[in-house]
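The values are calculated or read from the model by the stated rules, or taken from the named source; none is laboratory data. None of these values were measured; they are calculated from a predicted model. Counting neighbours? That spans all protein chains shown, and the Cβs are built from the backbone with ideal geometry, glycine included.
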Amino acid sequence: MSAVTKAGPATPAGSARPLSKSRPLGDRAFALLALVAGLLVLVILVLIVVSTAQQSTSWFSTAGWSGIFSTVWNPATNQFGAMAFLYGTVIVSLIAIIISVPVSVSIALLLTEVVPRRWAQPIVYVVDLLAVVPSVVWGLWGIIIFVPWVAPIYASIASGVHGIPVLDSLFGSPTAGASFFTAGLILAVMITPIITSLSREVIATVPQTDKEGAYALGATRWEMIRGAVWPHSQGGVVGAILVGLGRAMGETIAVALVAGSSAEVTSHLFAPGYPIAGVIVNQFPEASGEFRAALIGLGLLLFVITILVNLTARGFVERSARRMRGTS
Amino acid sequence: MSVVSDQTVDLREPTNWRRTKNRIATVVMWVAFVATLVPLILVLYTVVSKGVSAISWQFLSGSPIPPNIMPLGIGGMGPAVVGTLIITGFAALISIPLGVLGAVYINEYGGKGWLAKFIAFMADVMTGVPSIVMGLFIFTIWVLHFGYSGLAGSFALACLMLPIVIRSTYEMLLLVPNHLREASYALGATKSRVTLTVVLPAAVGGIVSGALLAVARAAGETAPLVLVILTVEATNTNLFSGANTALSTQIFVNAQSPYVGAEARAWGAALTLIVISFLLMIIARVVTARFTKYTR
Amino acid sequence: MQLRGSKQAAVAGGAVAAAIALAACSSSTTSSTSAPAGGATTSAPAATTSSAAALSGTLNASGSTFQTNFQQAAISAFKTVQPGMTVNYGGGGSGAGRSALYANTVQFAGSDSPIPAADKSKVPAGKTVLYFPVQIGPISVAYNLSGVTGLKLDATTIAKIFSGKITTWNDPAIKALNSGANLPSTPITLAVRSDSSGTTQNFSKYLQAAAASAWTLGSASTIDWPKTAHAANGGSGLAQAVKATPGSIGYVDFSTATASGLSSASIKNSAGSFVAPSPAGATAAASHVTPAADLTFSTVDEPGADSYPITYQSWDLVYAEQPNANTAAMLKAYIGYLLGDGQKLLTQLDLAPLPASIDSAAVAQLDKITSAS
């Protein structure tokens, strides 16, 4: 090992002496510090659950299971049903995923398979720029520029599909600029960078030999992607999509500004909605007593849902990574 | 393992239809990329064009933040700029050392043990915790007992930054070659010595750039701050007591105001925030390019 | 004008910075906290005198968002009167403000309605709440209908629209009031508030008073609106919703409606004339009001040919018994300012000043603020 014989890093004082049996105090202290720092992650996660659960018990006990999942949300009469907000979170996130996934995966494939290495870096930078724009700026642009621009477009689509069975219930009236769909659209733009970068990592682990084998057999690039890349990376890409879904569910400010703030369960995607994160950030400063407990309880629900989504996502990514290590 | 789809293998030139499918796929991929450019360009263009007319030294340092109804030119965003700097700064001060230490534990001390793997896994899961939940968390354990303050905001941001710093530091530490460590041990160094004087300096480029990206993300965070710092109009340089404000919360409040002056201030603040985030990102990339010894 | 404002702001900024530095160095924490331990509400060090001389310390307040513009403007202007004082007005809604007052985390609360009977028990024992009216203002019925200006409505029609009984703009009831207008067959989209609001409370109070049997949804700070209504957060959210949706109609305070560029309907008052919302109409309405002994009153549906019927008012609620002399002095100084020179700020905010008789009664009530020490 040449590193040992060369003039390596600064020799510690008294280097030839063996370490005493018990480690020096400084060393043990540092090890303890590192351990505490590591445990901090676990402590915080546990504390999140404990503190929010504690603060929201009054909501859980007063409302009971039927109350919690009812669609009636009326602070004046102390009725706090979470269904409309759960619905809002799920629908907005689904719209975001449906729009973002084809785009993100396409860009990931573009970067790994189509574009020469030299041009890949600039394209990555551009996609990462989407992530650098803070959420509140997306929201600001959304509410001031995008919402008024898109409102008449929704209205004309709604009048266009009036009467057609499924389309009318999805895209028909009532419409508003600030709606489920607008929030989903803006969220799609915001989660694209993360899905793209995670998908890229997954696709990059596909063994080169498989890809070359496909080309050698005369496959076009698209056929190679379908036949060699996709079977290997589908698990990981699904994991990436789930991470994006988790991100979309947790996104707060942009949806608070452009989702419409209307707690209704409706199939009309162009109507205003109210995801969980939106109602919490909008109404928390004014809330007290049981209202506040209900909002904290909503936060706990959101936490549980996003943790579950993230765990599933990591599971997919882990499994796919294990299979990768096996084959390469 | 079959590597070609169920079509029969054709060793001649691809047929027209196959070539067309390939071309369509390529076009679709490029269209997807261009499609993501559209909102990016629109937002950046709008923020720059509307924000530039608001920016001035008066805007960045003037105080207090005037009532929404006042037009541009009166007062400024000074309190918000100061708030963002001190709250984010303190959050970085707390979370970066703790994050680096946490990654050190996972990588250097944890070894193959289950605890290290578990912590690493949980750190990944923690990156997905919604920022509003962090805000609620800090509200329940800190604000309810000690009141609104910039410190509460720093804690919330630090909780958001911690898993990111752990993750990126951990990746960097993995890249440091083992022979460096082994050489140091061979010379009789203690583990802490090795970590502090050999491993961390070797990875410092990557650690710094990862930390800068975490700071950039924290500077733009709004939701937790809305809950715990209570947006005010006057500068509060005392981080530990009294409500405070920040650029992000100010933009959020102003975005909902109908007054022209408030809107103009929001665009100015948005431009300021984007410039700060971009600067941090650029510095991070420069640090990565120049100072990282070990890359993938 | 602008130069003076920015010079004012610079002086104010410097004074505030100095005051904040001073406050930061002092060891006592002010009650800008919401500690549920019902913490002390004292602030300033004991060295300051508590009379018309320079005061120092912090007043915290929250409550009605209807008052936010006025409070922000007054706080700004008040800095030149008492540079050593800092006043923070947090908004959050009348209900939140009252709750904060019961919990002793603010020194005064803005509220668009008196304390409801159900809450009377929440006022701490031995404390009397004083009502100081501070502003009057119109509630606009704002609409977005291209090609139609000067829309005229009356209470019954409004009640039916907001109950969902009238669903299109060319409904005969609306046509009857607007013979000259070209009303399209566009469906009416309602814009309402999703959060608890004093504007909602007073708007529904008007409908209850003036539309009688046509309005069945009651009067409260949140209403069970028809399912098709678009709810929005905050008055400006509602205004944004109306602005972005053609064919929509909503209720929002006049100042926000004007700032958002929305058209407001002229409403038929009890004298039979159609009055557009304006500060003058609000003042006319308020001039017919006789307040109760505690200075509570309602300006909704007042008589008089020039009165705007959907007018409302807001009070600052203060405990008569203050814990220390400095807080009492600060409250007297600031609320006295709101009732005095501050009233001049109101018209440029599209709000109306109090009628002289109510204002002087309120100023006289300031003497009721006492302190134990």
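Numerical summary
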read-out	value
Count of residues meeting criterion [more than 23 Å from residue B:125 (Cβ to Cβ), out of contact with any Pro (no Cβ under 8 Å at 6 or more places or on another chain) and in a loop (DSSP other than H, G, I, E, B)] in the stretch A:267-286	4
Criterion: surrounded by fewer than 18 Cβ atoms within 10 Å (Cβ to Cβ), at the interface with chain B (Cβ under 10 Å from one of its Cβ atoms) and assigned to a helix (DSSP H, G or I) - qualifying residue of A:186, A:145, A:153	A:145
Qualifying residue in the stretch B:166-180 (condition: within 10 Å of another protein chain (Cβ to nearest Cβ), in contact (Cβ under 8 Å) with a residue 40 or more places away in the chain and buried (at least 21 other Cβ atoms within 10 Å of the Cβ))	yes
Which numbered condition residue B:161 fails, given (1) more than 8 Å from every other protein chain (Cβ to nearest Cβ); (2) out of contact with any Phe, Trp or Tyr (no Cβ under 8 Å at 6 or more places or on another chain); (3) of a type in the set (A, V, I, L, M, F, W, C); (4) free of Cβ contacts under 8 Å to residues at least 60 places away in the same chain	(4)
Filter pass, residue C:334 being buried (at least 23 other Cβ atoms within 10 Å of the Cβ), more than 16 Å from the chain's Cα centre (by Cα) and not β-branched (Val, Ile, Thr)	yes
Residues that are out of contact with any strand residue (DSSP E or B) (no Cβ under 7 Å at 6 or more places or on another chain) and away from chain C (no Cβ under 12 Å), drawn from the stretch A:68-82	A:68, A:69, A:70, A:82
All strands (runs of 3 or more DSSP E) inside the stretch C:125-243 with 2 or more residues being within 19 Å of residue A:177 (Cβ to Cβ), within 22 Å of the chain's Cα centre (by Cα) and at pLDDT 90 or above	C:129-144, C:189-193
Set A:109, A:45: member being facing chain B (nearest Cβ under 10 Å), surrounded by 22 or more Cβ atoms within 10 Å (Cβ to Cβ) and over 30 Å from residue C:144 (Cα atoms)	A:109
Residue satisfying condition, being at positive phi and not small (Gly, Ala, Ser), within set C:295, C:339, C:345, C:317	C:295
Members of the stretch B:233-278 found to be of a type in the set (A, V, I, L, M), within 23 Å of the chain's Cα centre (by Cα) and in a loop (DSSP other than H, G, I, E, B), listed by number	B:239, B:246
Filter result for the condition that a residue is under 15 Å from the mean Cα position of the chain (by Cα) and more than 10 Å from chain B (Cβ to nearest Cβ), over A:277, A:240	A:240
Scope the stretch B:101-155; condition surrounded by fewer than 24 Cβ atoms within 10 Å (Cβ to Cβ), within 30 Å of residue B:227 (Cα to Cα) and touching a Lys or Arg at 6+ places or on another chain (Cβ under 9 Å); matching residues	B:120, B:121, B:124, B:125, B:127, B:128
Any hit, the stretch B:78-94, residues being at the interface with another protein chain (Cβ under 8 Å from one of its Cβ atoms), within 20 Å of residue B:232 (Cα to Cα) and crowded, with 20+ Cβ neighbours inside 10 Å	yes
Matching residues, the stretch C:226-266, being more than 9 Å from chain A (Cβ to nearest Cβ), buried (at least 20 other Cβ atoms within 10 Å of the Cβ), under 25 Å from residue C:156 (Cβ atoms) and among the hydroxyl-bearing types (Ser, Thr, Tyr)	C:251, C:264, C:266
Segments classed as helices (runs of 4 or more DSSP H), wholly inside the stretch A:210-259, with at least 1 members that are surrounded by fewer than 24 Cβ atoms within 10 Å (Cβ to Cβ)	A:221-224, A:230-250
For residue A:100: the one exception among (1) surrounded by fewer than 20 Cβ atoms within 10 Å (Cβ to Cβ); (2) within 11 Å of chain B (Cβ to nearest Cβ)	(1)
Subset of the stretch B:106-152 [part of a helix (DSSP H, G or I), closer than 20 Å to residue A:299 by Cα and within 14 Å of chain C (Cβ to nearest Cβ)]	B:138, B:139, B:140, B:141, B:142, B:143, B:144, B:145, B:152
Matching residues, the stretch B:208-218, being surrounded by fewer than 24 Cβ atoms within 10 Å (Cβ to Cβ) and closer than 18 Å to residue B:130 by Cβ	B:217
Hits in the stretch B:29-70 - residues which are part of a loop (DSSP other than H, G, I, E, B), more than 22 Å from residue B:226 (Cα to Cα) and more than 8 Å from every other protein chain (Cβ to nearest Cβ)	B:53, B:54, B:55, B:56
Meets criteria (closer than 23 Å to residue C:249 by Cα and in a loop (DSSP other than H, G, I, E, B)) for residue A:163	no
Residue that is modelled with the highest pLDDT [pool: residues in the stretch C:267-277 that are in a loop (DSSP other than H, G, I, E, B) and crowded, with 20+ Cβ neighbours inside 10 Å]	C:277
Hey, residue A:159 in contact (Cβ under 8 Å) with a residue 60 or more places away in the chain and over 21 Å from residue A:248 (Cα atoms) or not	no
Subset of the stretch B:261-296 [of a type in the set (Val, Ile, Thr) and exposed (fewer than 15 other Cβ atoms within 10 Å of the Cβ)]	B:275, B:282, B:286, B:295
Residue C:223 closer than 25 Å to residue C:95 by Cβ, crowded, with 20+ Cβ neighbours inside 10 Å and either within 14 Å of chain A (Cβ to nearest Cβ) or among the hydroxyl-bearing types (Ser, Thr, Tyr) (or both)	yes
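Matching residues to (1) aromatic (Phe, Trp, Tyr); (2) buried (at least 24 other Cβ atoms within 10 Å of the Cβ); (3) facing chain A (nearest Cβ under 10 Å); (4) under 30 Å from residue C:75 (Cβ atoms):
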position	(1), (2), (3), (4)
B:187	no, no, yes, no
B:202	no, no, yes, no
B:206	no, yes, no, no
B:226	no, yes, yes, yes
B:229	no, yes, no, yes
B:236	no, yes, no, yes
B:241	no, no, no, yes
B:248	no, yes, yes, yes
